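The values are calculated or read from the model by the stated rules, or taken from the named source; none is laboratory data. Remember, predicted model here, so these are calculated numbers, not experimental data. Counting neighbours? That spans all protein chains shown, and the Cβs are built from the backbone with ideal geometry, glycine included.
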Amino acid sequence: MSTTIRISTAVHEALRQVSTATGQTLQATLEQAVELLRRQRFLAEVNSGYARLRSDEAAWGEEQAERDLWESTLADGLEND
């Protein structure tokens with residue numbers, strides 16, 4: 001499926017320049033740019049969530065305690081497969 005979107009001439013030119021430099025199609029370049037933006041936004045939201053968690057002393061303490069429990073599983077005597 002495909003659709004048409006409107007972009008400014010400046011954005012189209014920038015997209016064309018990146019596309020030419022990378023040897024990709026305009027579509028592939030745009031798809032890659034959107035995926036990069038999606039990932040950046042995801043990580044920003046994760047970081048924001050951790051910042052909120054760390055600002056709550058009790059919740060952060062619970063998080064650390066849970067991490068300590070998980071860390072102890074590494075010394076459970078089982079071999080790595």
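Restricted to the range 27-66, and to residues that are more than 19 Å from A14 (Cβ to Cβ) and among the acidic types (D, E), which residue is surrounded by the most Cβ atoms within 10 Å (Cβ to Cβ)?
The selected residue is E63.
Looking at the range 27-71 only, could you name the residues that are at pLDDT 95 or above and small (G, A, S)?
If the condition is that a residue be at pLDDT 95 or above and small (G, A, S), then A28, A33, A44, S48, G49, A51, S55, A58, A59, G61 are the ones that fit.
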